[in-house]
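K.L.:
Okay, handing you the structure first.
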Amino acid sequence: MTKSVDNLKTAFAGESMANRRYLAFAKKADQEGFPQIARLFRAAAAAETVHGLNHLRAMDGVKSTAENLDVAIAGENYEVVTMYPTMHGEAQMEGDKRAEKSFAYALETEKVHERLYRQAKEMLGKGKDIEEKTYYVCPVCGFTHEGPVDGKCPVCATPAEKFEKIV
């Protein structure tokens, strides 16, 4: 691997984190009554997305849908089997309840993502797209659900009406 590819990977990670961080900052600014500062944060977040996507394309990080599904499945599987169980266990040992809860939420959601990606890969293998569905995401834990949610989130008990419809 070349130094440029290493640098592109580092830059992609940094830009991706900056995007998420700035969106969180924008939400907080909105909550505190600073809509113009929130707008500035959202504008910068959008720019960071452009940078990150440019870096990803420069390192040929976007392939065919089949290859992209393979990458997504591998990533989710790593998170489910290795990353989040380890991090969750370490947070438990340290007594860091907030980290423990965050990792537990992510772990349960990543299991769903892996399953959904595997189903999509299976359909793609048959030359078909997946069935048309609307997805809903829990704003607290990230749980991803196919179709409307009844009752409460199965991971964190957030009421169904709080879920975000993904269009």
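K.L.:
Quick test for you: out of Val137, Val155, pick the one residue that is surrounded by 13 or more Cβ atoms within 10 Å (Cβ to Cβ) and in contact with a helix residue (DSSP H, G or I) (Cβ under 8 Å, 6 or more places away or on another chain).
P.N.:
On the way: Val137 fails: in contact with a helix residue (DSSP H, G or I) (Cβ under 8 Å, 6 or more places away or on another chain).
Just one listed residue meets the conditions, Val155.
K.L.:
Would you mind telling me which numbered condition in (1) of a type outside the set (Asp, Glu); (2) surrounded by fewer than 14 Cβ atoms within 10 Å (Cβ to Cβ); (3) not in a loop (DSSP other than H, G, I, E, B) Lys128 fails?
P.N.:
(3)
K.L.:
Of all the helices (runs of 4 or more DSSP H) wholly in segment 1-102, which have at least 1 residues that are touching a Ser or Thr at 6+ places or on another chain (Cβ under 9 Å) and without any contact (Cβ under 8 Å) to a residue 40 or more places away in the chain?
P.N.:
By residue number, 3-31, 35-58, 84-94.
K.L.:
If you don't mind, another one. Mind listing whichever residues of segment 118-147 are touching a residue at least 24 places away in the same chain (Cβ under 8 Å) and in contact with a Gly (Cβ under 9 Å, 6 or more places away or on another chain)?
P.N.:
Of everything in segment 118-147, those that are touching a residue at least 24 places away in the same chain (Cβ under 8 Å) and in contact with a Gly (Cβ under 9 Å, 6 or more places away or on another chain) turn out to be Thr134, Tyr135, Tyr136.
K.L.:
Residues of segment 119-167 being within 24 Å of Thr65 (Cα to Cα) and charged (D, E, K, R), which ones?
P.N.:
Lys121, Glu122, Lys126, Lys128, Asp129, Glu131, Glu132, Lys133, Glu146, Lys165
K.L.:
Shifting gears a bit: Do we find a residue being crowded, with 18+ Cβ neighbours inside 10 Å and β-branched (Val, Ile, Thr) anywhere in segment 73-91?
P.N.:
Among the residues of segment 73-91, at least one is crowded, with 18+ Cβ neighbours inside 10 Å and β-branched (Val, Ile, Thr), which makes the answer yes.
Condition check ((1) of a type outside the set (D, E, K, R); (2) at pLDDT below 95; (3) assigned to a helix (DSSP H, G or I)) across all residues:
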| position | (1), (2), (3) |
| --- | --- |
| Leu107 | yes, no, yes |
| Glu114 | no, no, yes |
| Gln119 | yes, no, yes |
| Met123 | yes, no, yes |
| Tyr136 | yes, no, no |
| Gly142 | yes, no, no |
| Lys165 | no, no, no |
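K.L.:
Among (1) over 19 Å from the mean Cα position of the chain (by Cα); (2) closer than 23 Å to Asp129 by Cβ, where does Arg39 come up short?
P.N.:
Every listed condition holds for Arg39 apart from (2).
K.L.:
Another question, if that's okay. Does Ala45 satisfy the criteria of being buried (at least 17 other Cβ atoms within 10 Å of the Cβ) and assigned by TED's automatic domain parsing to the domain that holds Tyr22?
P.N.:
Working: buried (at least 17 other Cβ atoms within 10 Å of the Cβ): yes; assigned by TED's automatic domain parsing to the domain that holds Tyr22: yes.
When the stated conditions are applied, Ala45 passes them.
The values are calculated or read from the model by the stated rules, or taken from the named source; none is laboratory data. Just so it is clear, the structure is predicted and the values come from calculations on it, not from any experiment. Cβ coordinates were reconstructed from backbone atoms using ideal geometry, including for glycine residues, and neighbour counts include every protein chain displayed.
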